[in-house]
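The values are calculated or read from the model by the stated rules, or taken from the named source; none is laboratory data. Everything numeric here is computed off the predicted structure, so don't read it as measured data. Here Cβ is always computed from backbone atoms with ideal geometry, including for glycine, and neighbour counts include all displayed protein chains. Just so you know, the surface numbers come from the protein's heavy atoms only, side chains and all, with ligands and any DNA or RNA stripped out. Shrake-Rupley method; radii C 1.70, N 1.55, O 1.52, S 1.80 Å.
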Amino acid sequence: KAAPAWLYDHRHQQIYHAILAAADAGPVDLVTVTERLRRSNDLDRVGGIQRIAELADCAPSPANLKTYINDLRDAYGKRQLLVLASEMTAKASNGTTFPEALAHVESGLLAVANEHEAPQEQDIKSVLRAVVNRMEEAVAN
């Protein structure tokens with residue numbers, strides 16, 4: 001099951017929340033999702049009925065759902081890593097001590113890893129080495 005946060009666009013997250021709520025209450029279709037968004041005053045914020053209909057037309061088929069969910073999860077994980085890399089760059093260039101910056105990066109990587117399928121131990125070590133190398137380069141420049 002996909003999590004709303006995996007979706008990049010906040011409007012899509014709101015729509016997905018409405019889909020999940022509709023699914024908890026019964027059948028899900030264009031009418032039930034639109035009505036939930038209308039009642040929560042989110043319909044206009046997500047682009048209106050037209051946007052909901054457009055998304056319904058381009059939804060993946062059930063046969064491809066597992067692949068689509070895996071792709072969403074993968075893209076979300078990459079966005080999390082980009083945020084962490086940005087934070088790492090800021091910490092490395094704003095006077096944060098190396099141990100403090102490294103601790104932040106390590107905890108961030110562990111949080112991302114815990115939220116996703118746990119990579120093999122060797123992969124984590126490689127990632128941490130690459131992070132440390134980038135931090136050292138950022139501090140040197």
- Task: State all residues of region 70-95 that are over 22 Å from His12 (Cα atoms) and open to solvent by less than 40 Å² (accessible area, probe 1.4 Å); if no residue qualifies, say none.
- Result: Leu84, Ala85, Met88, Ala92
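Specify the residue that is farthest from the chain's Cα centre (by Cα); the eligible residues are those in region 33-69 that are among the hydroxyl-bearing types (Ser, Thr, Tyr), part of a helix (DSSP H, G or I) and surrounded by 11 or more Cβ atoms within 10 Å (Cβ to Cβ). Walk me through it before giving the result.
Narrowing region 33-69 to residues among the hydroxyl-bearing types (Ser, Thr, Tyr): 34, 40, 61, 67-68.
Still in the running and part of a helix (DSSP H, G or I): 34, 67-68.
Next cut, surrounded by 11 or more Cβ atoms within 10 Å (Cβ to Cβ) only: 34, 68.
Working: Thr34: 24, Tyr68: 14 Å.
So the residue we want is Thr34.
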- Going by the structure shown, is Asp9 exposed (fewer than 12 other Cβ atoms within 10 Å of the Cβ), closer than 27 Å to Thr67 by Cβ, at pLDDT 90 or above and of a type outside the set (Val, Ile, Thr)? yes
